[in-house]
1. From the list Val114, Val101, which residue is in contact (Cβ under 8 Å) with a residue 24 or more places away in the chain, among the β-branched types (Val, Ile, Thr), over 25 Å from Met33 (Cβ atoms) and surrounded by fewer than 14 Cβ atoms within 10 Å (Cβ to Cβ)?
2. Answer yes or no as to whether Leu76 is of a type outside the set (Phe, Trp, Tyr), within 11 Å of Leu50 (Cβ to Cβ), touching a Cys at 6+ places or on another chain (Cβ under 8 Å) and surrounded by fewer than 19 Cβ atoms within 10 Å (Cβ to Cβ).
3. Does Ala120 fit the bill of being small (Gly, Ala, Ser) and assigned to a helix (DSSP H, G or I)?
4. Being at pLDDT 95 or above and either surrounded by fewer than 14 Cβ atoms within 10 Å (Cβ to Cβ) or touching a Cys at 6+ places or on another chain (Cβ under 8 Å) (or both) is the requirement here; does Glu24 meet it?
5. How many of the residues making up the stretch 31-62 are in contact with a Leu (Cβ under 8 Å, 6 or more places away or on another chain) and either surrounded by fewer than 18 Cβ atoms within 10 Å (Cβ to Cβ) or over 22 Å from Leu108 (Cβ atoms) (or both)?
Amino acid sequence: MSEPQRLWVDANLIVRILTDDPPEMAARAEAFMARAEGGEFSLVLCPLVLAECVWVLTRFYKLKRAEVAEALEEVLSNEGLEVLEEAVLRESLRRMAAKNVDFTDAYLAVKAEVAGEAVASFDADFKKLGGWYPIP
């Protein structure tokens, strides 16, 4: 038996599901995700797409970071998703919510920490995240 087809998921699919906006597209997105859960195909989620989801949900829909992190954690648990860098993404969402920082900063801090390195930045949010190498 062959492996199911892999499709790379775009942020708009996830955003539609989480916002129900517009409802007709949200329903189609939910049905599509259900098909992936059923094994008809596999949806690949890359970190950049998750970052776009966070941006759209926090900036356009004005949701709080903690709400976004919780909703996206649930999405990452979908059986139909193959999540690239899943452990890093989950930890980045957790830190984004806990420290109230941008997702990309949390992601960068986690990536640097995993590598045993630091982040060179003027952004003092890295004080909250750890691994900050302030630019002199």
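The values are calculated or read from the model by the stated rules, or taken from the named source; none is laboratory data. Worth saying up front: this structure is predicted, and the values here are computed from it rather than measured. As a convention, Cβ positions derive from the backbone with ideal geometry for all residues, glycine included, and neighbour counts pool all protein chains shown.
1. None of the other options fit; the residue is Val114.
2. So Leu76 fails the test.
3. Details: small (Gly, Ala, Ser): yes; assigned to a helix (DSSP H, G or I): no.
When the stated conditions are applied, Ala120 does not pass them.
4. Working: at pLDDT 95 or above: yes; either surrounded by fewer than 14 Cβ atoms within 10 Å (Cβ to Cβ) or touching a Cys at 6+ places or on another chain (Cβ under 8 Å) (or both): yes.
In short, yes.
5. Total satisfying the criteria: 8.
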